[in-house]
1. Considering only residues that are loosely packed, with under 14 Cβ neighbours inside 10 Å and touching a residue at least 24 places away in the same chain (Cβ under 8 Å), look in region 361-372 and name the one that is farthest from residue 320 (Cα to Cα).
2. Consider residue 426 against the criteria (1) surrounded by 17 or more Cβ atoms within 10 Å (Cβ to Cβ); (2) in contact (Cβ under 8 Å) with a residue 12 or more places away in the chain; (3) in contact with a helix residue (DSSP H, G or I) (Cβ under 7 Å, 6 or more places away or on another chain): it satisfies all of them except one. Which criterion is unmet?
3. Among the residues in region 561-580, are any over 24 Å from residue 606 (Cα atoms) and at pLDDT 90 or above?
4. So in region 374-406, with the set limited to residues that are out of contact with any helix residue (DSSP H, G or I) (no Cβ under 8 Å at 6 or more places or on another chain) and assigned to a helix (DSSP H, G or I), which one is surrounded by the most Cβ atoms within 10 Å (Cβ to Cβ)?
5. Just give me the residues in region 69-84 being under 22 Å from residue 299 (Cα atoms) and buried (at least 22 other Cβ atoms within 10 Å of the Cβ), in sequence order.
6. For region 130-173, give me every one of the strands (runs of 3 or more DSSP E) that falls completely inside it and has 3 or more residues that are touching a helix residue (DSSP H, G or I) at 6+ places or on another chain (Cβ under 8 Å).
7. From the list 286, 328, which one is touching a helix residue (DSSP H, G or I) at 6+ places or on another chain (Cβ under 7 Å), in a helix (DSSP H, G or I) and surrounded by 22 or more Cβ atoms within 10 Å (Cβ to Cβ)?
8. Kindly evaluate residue 131 against the criterion of being over 30 Å from residue 616 (Cα atoms), at pLDDT 95 or above, surrounded by fewer than 16 Cβ atoms within 10 Å (Cβ to Cβ) and under 23 Å from the mean Cα position of the chain (by Cα).
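The values are calculated or read from the model by the stated rules, or taken from the named source; none is laboratory data. This one's a predicted model, so the numbers in the text were calculated from it and none came from an experiment. No Cβ is skipped: glycine too gets one built from the backbone with ideal geometry, and neighbour counts run over all protein chains shown.
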């Protein structure tokens, strides 16, 4: 009995000692600013169900989450301020060592970006939440990283809002798992997430059947309905610049290496959404270590990723896989299962609707879905023709030729134009130098010095650098000075850059000036003059599309009172508009987009008046490319028709 009492006494002392050590956690001298606004459960965003019954419940949850982060941070750091992100101003962060973004700050400015989709030009407003020179060490929670970081050029983008509760693929030697606060990670071997297997082509199908898992959140959306969802970022090109670290992946619906924990310069993405209310004790310590770790990274990024969907060379693996019969067969099976599930949802939704029951957001979406809505399956040839028309014209249904095409041209693909676009750089291929090899830059400079292949050399230097030197001597001095510090970033725009913040070659305003110059040259409508002697002016140019490919754009400007004929009734003597093209090898025309016409006397005759823009989509296989085109039409007023108008254009795509 006495022995048991002594044992209990010793155990009590140990427990008190443990509690005391937790209570007396030594604080690190650090100033931390936490900006709140997110909640732990869904609130109707992105089509989700609303967990909160009233606005008051939602606001209470915001405060609870903010307080939970505040309590955690005050355990480890001497100075902590919590406030709603909506009240933040950038200058506030200057007074803190680390800023944590867990809510959306006010919009600093909006910029207009013109884009073209399906032949229609539109303008979107891009919201900017950070100054371009924002240099404060920062941590973003879940999708806030993409929201505030994408316009800023941060690599912590939105690959998928699909991150669950567990991490895997951790770099356990990274400082955040070492200190300054002592950590202990409980790792459990578990099956590899099924979705990671679907993307096995990125790892050449060498995906392990199990991985070591670490629990970060005690709840996740996959097992707890209504719990919020974390975010993973694109792994492709994440590590292609010296200011980045991919530290851990996590259970998600994407690749096994999707970034759940990572750093791009002064921004750290903590992709897991759970607040300290739902963090494991181990994760709380690691989060504190992240705060401490980030305090030393004050400064703006060296590399900016302004196009979140930019194609890197890794994308070749996906495109190549999608050219296999295996892909087409597997896609047909998965599509069949997907459509069967939609039919089931639709049937159940209609039954609930008939009973007067309330439908979920998903059920509302598919309540009218029937078998008539299921598209007809496509065979291999049809799939290739639809997805790769420029290659299908050459290879038909010969699978081996598609695969050989991507293998042979892998060193020369260029992805710096728009979203998920790859072109063969025929300049690099002509010289037989991979475009990520700095010998390409040296060769181009040598050509300028010897006055040989000057046009090709200038194209290469403009395409792959952020420099605008005027003389060969300036190019040579720059290259010789910084060649040993050069690196090539694909995610940052397919540029050779210098691992020195103060060196020439890292200035993205050079690219923006080039783009502005190109746009100014295409501002034909405002510059062209028309009069009675020349009532019609036509210009053509190439427009790069954000969503892929190029449009050949014809701008027509007519003097008031004049018109041209788009179509002509067979009984009318007028000349209708005709446009012809001569394309480079491997190029194919896509859809043509003509604006709405006006009727002219007879039903079959239609006209254009004033200003008109016609678009012809073209898919190119390689760059640079030369496109020749001709437009014919007839211009008339109410009394007189001018002689037939014909104009040739030669358009260069660099």
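1. Result: 361.
2. In the conditions (1) surrounded by 17 or more Cβ atoms within 10 Å (Cβ to Cβ); (2) in contact (Cβ under 8 Å) with a residue 12 or more places away in the chain; (3) in contact with a helix residue (DSSP H, G or I) (Cβ under 7 Å, 6 or more places away or on another chain), residue 426 misses (3) alone.
3. No.
4. For region 374-406, the residue satisfying everything is 390.
5. Within region 69-84, 80 is the sole residue that qualifies.
6. It comes to 138-141.
7. 286
8. yes
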